[in-house]
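*Asks:* Got a structure here, written out as structure tokens. Questions coming.
We did not get these values from a lab; they are worked out from the coordinates using the rules stated. A quick note: this is a predicted structure, and the numbers were derived from the prediction, not measured. Here the Cβ positions follow ideal geometry from the backbone for every residue, glycine too, while neighbour counts run over all protein chains shown.
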Amino acid sequence: MRTAPLIAALAVTAAPAVARAAPIAVTVVDTAGDVAYVTPGRDAGLAPGVTVRFGDRALVVVDVTAGTAVLALAGAPLPIGASGTADVTPGASAAAVARMPTPRPLDGWRAQWPDATRPADAQHPAAVPLGSGGPVGRLHAALTLHGAAAVDGAPTASADLRARVSYQLRTDRPLSVDVDLSGRGSLDGHTGARTPVWVHRAQLRYGDAYDPRLAVGRLAWAASGVGMLDGVRGMARVGAVELAGFGGLVPDPLDGRPDTGATRFGAEASYDAPAAPWQPRLVLTLAGSTWSGQLDERRAAITAEASRGAVTASAWADAQAFAAANPWGAAAIELTGAGAAIDWQRRGQRASLDVAMARPERSLRLEAALPAGWLCWRREGDVAADPAAEPCAGDDATIGAAASAGLTRGSWRVDASVRASRTTTATRFDDLAAVALGEYQLRPGLRLLAGASGGRAAFLDWYAVEGGVGLDRGRRWDATVRYRPELIAYVGALDRFVSHALALDGRYHVNRALDVAVAASATTGEDRDALAVLTTVAWRPRP
């Protein structure tokens, strides 16, 4: 019968269509690391888990967007523009995104941990009376003991104990008391300059210790180039300009006692700009003095300094006005001193040059303190029966120049210097000296020393070499031993001889507050057999 085939065909036609995977063309548009980006994406039916084939290579979709899909490469990268096919089931869609559970509200976390116990709840410190004092560190103190002994025929010995103390009276104001004094003892007694007590400084200060706004008492210095003063110094600063004035009594030059016979007064102006490119500093000082009621010194001094990078340059000049009938034969206005220096330092290298001219100090005060004619010289033929009655010739001067250089490289260093000067008084004589020193670090804590020196003075020529060894243990201690043979030739003498010297220098750092140093030398030769020892103990208990 023909009815059965017809029924079978109708049944097939009526049955629902079976879903089959449809190939979708994809193209690589970019790659990054171990993934590749292709188009199209979710709108074309691609979803995570779909397989994409590039020839015989099958890759899986790991993420999709509306227009792109991401493939895990798991091997060699695909070139951009490569084409492949994806098997996509018609009507398939991406799996629904699983949402995270709603987070626990903050109130649900309350009272999860017990409250912390504060240490103060279980501590019961006892009260300690602090008084009205300020913080520790207001008191600064340093003591230095110098002891010297020598044996060259008759033995001599001396000791000098110096104490420097600064006490800040108030913590909210820079108001302090500074005391600097030394006690001296000597086998030769306490005559002349060997006074038993010397007060270097005893002042009430308001402001910085190195540049106070006001200082009253025994001042270690009154201004740049002006020394000790029993009086007052005041200062005011406006921007980079500083103005200062000073006045008071001049202590006795031999023993430092207060002396009403001499007064000193003056003013100083300075300009200091450390933030400028060349960091310039300029100081002008005007100073005068009196002696026994009459005007004595009238001086003007100027100093200038500038620094930039590795170069520092400086210059100074000092002029003095003299009375018409002064006892030294000086002109009405004389340049009593002038000099200039330049210094260069960079990466273990240094070089410097210094030239200067100076005339001796001349004042009525010094004339009265020194022996007759000490500040005066006369040309040959001018000396009378009474030298003190002859007028001075004047023109005393010393002109000199010095140069030095140094080089440090790794474990060795070399330093050298040369100095030459000419002094004109009743006679003219020249001085010349040169020194070269070298050091080689053989190994940590051990170094070798070598040097040579020579020179010519007014009364002798000398030439020497030296060698030695140095030991150290960092900052704890350091010691050197040096041997120095020296050829000495006195001017006018026919004989020459060699002297021998052995020197020992040591330093020991006991602790943060205490240091000890010893320098000893033994010399033997035709003109001397001497032993000298110098010991220094420095103790800084506060701060």
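*Asks:* Work out, step by step, the length gained on full extension between L187 and V35: first 0.36 nm times the residue separation, then minus their alpha carbon distance; give nm to one decimal.
*Replies:* 45.0 nm
*Asks:* Ignoring everything except DSSP H segments at least 4 long, calculate the 222 nm mean residue ellipticity for the chain; use -39,500 (n - 2.57) per segment, divide by total residues, nearest 500.
*Replies:* -1000 deg cm²/dmol, from helical runs alone.
*Asks:* Relative to the longest principal axis of the chain, what angle (0 to 90°, nearest 10) does the C-alpha long axis of helix 3-14 take?
*Replies:* Once rounded, one gets 20 degrees.
*Asks:* Would you mind ranking M235, M100 so that the residue whose beta carbon has the fewest other beta carbons within 10 Å leads the list?
*Replies:* Placing the least packed residue first, the sequence is M100, M235.
*Asks:* Read through the labelled values (1) 92, 35, 29; (2) 61, 25, 20; (3) 40, 30, 20 and report the label of the one computed as semi-axes √(5λ) of the Cα gyration tensor in Å from the structure.
*Replies:* Structure-derived value, by its label: (1).
*Asks:* Mind giving me the nanometre distance, one decimal, between the label points for H509 and V465, set 7 Å out from Cα along Cα→Cβ?
*Replies:* 3.5 nm
*Asks:* Mind running the shape call on region 396-461? Use the C-alpha gyration tensor, a ≥ b ≥ c as the square roots of the eigenvalues: rounded below 1.5 for a/c, prolate if a/b tops b/c, oblate otherwise.
*Replies:* Note, shape of region 396-461 comes out prolate.
*Asks:* Compare the Cα positions of W291, P114, A458 along the charge dipole of the chain (+1 at Cβ of Lys, Arg; -1 at Cβ of Asp, Glu; about the Cα centre) and return the one farthest towards the positive end.
*Replies:* Looking along the dipole axis, the top candidate is P114.
*Asks:* Obtain the nm distance between the two label points defined at T427 and F497 by a simple spin-label model: each point lies 7 Å from its Cα along the Cα-to-C-beta direction.
*Replies:* 2.2 nm
*Asks:* Tally the DSSP beta bridges in region 283-332 and give the antiparallel ones as a percent, rounded to 5.
*Replies:* Just about 100 percent of them are antiparallel.
*Asks:* Follow-up. What whole-number distance in Å separates the alpha-carbon centres of region 245-295 and region 415-465?
*Replies:* Going from one Cα centre to the other spans 35 Å.
*Asks:* Mind sorting S352, S363, S411 by how few other Cβ atoms lie within 10 Å of their own Cβ, fewest first?
*Replies:* S411, S352, S363
*Asks:* Using the Cα gyration tensor of region 221-375, with a ≥ b ≥ c the square roots of its eigenvalues, what is the shape: rounded (a/c below 1.5), prolate (a/b larger than b/c) or oblate (neither)?
*Replies:* Because a/c hits 1.5 or more and a/b exceeds b/c, region 221-375 counts as prolate.
*Asks:* Between R346 and T156, what length in nm is gained on full extension when 0.36 nm per residue of separation is reduced by their alpha carbon distance?
*Replies:* Length gained between R346 and T156: 63.9 nm.
*Asks:* Here's a follow-up. Sorted from fewest to most neighbouring beta carbons within 10 Å, what does the list L534, L187 look like?
*Replies:* Lowest count first: L187, L534.
*Asks:* For S83 and V238 in one chain, what is 0.36 nm times their gap in residues minus the Cα-Cα distance, to one decimal in nm?
*Replies:* 47.6 nm
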